Amino acid sequence: MNLAAPFAMTKVRVLALRRYVHGRKGLDEPTYRMHLSAVGADSTLHLTSTQYDALLARLRPLPDRERREKATAGARA
């Protein structure tokens with residue numbers, strides 16, 4: 001008997017995915033939509049478990065965006 005909860009795109013999961021896509025990977029909205037479409041989805045909210053896994057598999061190999069250095073108080077002249 002499988003007691004695992006069914007897969008659902010919860011608010012937390014949607015926010016985490018969007019943060020990963022736009023924040024860490026630095027993708028713009030049209031590029032993200034292209035990746036969504038490539039896995040057969042038209043909306044983040046409607047991703048199935050299979051589509052979610054496929055989307056992450058597409059995104060993981062992409063390079064992370066360059067991170068800006070945070071200014072420290074001691075670094076100011």
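Data table
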{"quantity": "Every residue from region 4-38 that is touching a Ser or Thr at 6+ places or on another chain (Cβ under 8 Å) and either surrounded by fewer than 11 Cβ atoms within 10 Å (Cβ to Cβ) or not charged (D, E, K, R) (or both)", "calculated": "7, 9, 14, 17, 36"}
{"quantity": "Test for residue 14: is it touching a Phe, Trp or Tyr at 6+ places or on another chain (Cβ under 6 Å) and either of a type outside the set (A, V, I, L, M, F, W, C) or not in a loop (DSSP other than H, G, I, E, B) (or both)", "calculated": "no"}
{"quantity": "Candidate set from region 39-62 (those that are in a helix (DSSP H, G or I) and in contact (Cβ under 8 Å) with a residue 40 or more places away in the chain); member that is nearest to the chain's Cα centre (by Cα)", "calculated": "52"}
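None of the figures in this text is laboratory data; all of them are computed from the coordinates on show. Note that this is a predicted model, so its numbers are computed, not measured. FYI the Cβ positions are ideal-geometry reconstructions off the backbone, even for glycines, and counts take in every protein chain you see.
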